[in-house]
Every structure is written in C-alpha cells, then in structure tokens.
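Each reported figure results from applying straightforward, stated rules to the coordinates on display, with no laboratory input. This is a predicted model, so every value here is computed, not measured. Positions of Cβ are generated from backbone atoms using ideal geometry, with glycine treated the same way; all protein chains shown enter the neighbour counts.
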C-alpha cells in the first residue's frame, strides 16, 4: 500500500459531507477492507456497494431530519489519512449530533483500507 493521497481521502470526506454516496463509492477500491464501529454495532463490508449501504443507513434514517453534515479537521498519521464529519439533525427525541472519524489508506489510487468510528448520537438540549 502507498501513502494515502490527501486528494482521495479528502474527496471521500467531501462526498460524505455532501451526502453524495455514489461519489464516495466511486473512490473505494473494489477489494475495500472496511470495518466500522458505532455504539451498538460493528459493521463490515468487502465491496464498495456494501460500504455505500452502511453510509446510507447512517445518514438516511426516515425518522430523522439531517440538517447539516460538516467537515472536521483532517490529519495524516504516518501512511494513514484521518478525516471526519459531524452530523446535526432532529428526530423523534429532539435535536442530536454525532461525529465520525475515518482512517483511510490508498490502494491503486483508491481507498483500499477504511475504518470509521462513530461517537454515537448525542442529544442537543434545547437546540
């Protein structure tokens, strides 16, 4: 594996912020190594379609209205790019936020390794 290109990792984060799941999927290597953790579940996928399905599940709950997805600071950790996004919205229990951090490595010009950790949905009192 080579060092992750800021362009590929940055484009992935930008696609998530824009909720452009097709664009995010297009940046993933066909043999993507994907794992993610949310407070109640561990997610795995071994192809771009599976990763796209997970991302859509996280950001397209029919009982919730996602008001904003904002980029969070990016950084490089050796050969791994870290990018994140913060989600704000409202649901049956009121306003909420959660943050996800993604760690990515490039393979053949695409993202071949992707790990995402989610903070879990947190209530925004009175917002």
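Estimated at 0.36 nm per residue, the fully extended path between residue 121 and residue 56 surpasses their Cα-Cα distance by 21.8 nm. For 82, 35, the sequence from fewest to most other C-beta atoms within 10 Å is 35, 82. Roughly what % of DSSP beta bridges within segment 6-122 run antiparallel, to the nearest 5? Antiparallel bridges: around 85 percent, rounded to the nearest 5.
Label-to-label distance for residue 31 and residue 69 is 2.8 nm, based on points extended 7 Å past Cα in the beta-carbon direction.
Set against the labelled values [x] 88, 25, 15; [y] 46, 26, 24; [z] 46, 33, 27, Cα extents along the principal axes in Å computed from this structure falls on [y]. Between the Cα long axis of helix 48-59 and the first principal axis of the chain there is an angle of about 20°, rounded to the nearest 10. The long axis of helix 6-17 is offset from the longest Cα principal axis of the chain by roughly 20 degrees.
Among 55, 28, 114, the largest mean-square fluctuation in a Gaussian network model of the chain (Cα springs under 10 Å) belongs to 55. If you sort the three axes of the alpha carbon gyration tensor as a ≥ b ≥ c, you get a/c of 1.5 or more for segment 50-106 and a/b no higher than b/c, which makes it oblate.
Fewest-first ordering of 12, 34 by other beta carbons within 10 Å of each residue's beta carbon gives 34, 12.
Computed over the chain, the per-residue total of -39500 (n - 2.57) for DSSP H runs of n ≥ 4 gives a 222 nm mean residue ellipticity of -7000 deg cm²/dmol, rounded to 500.
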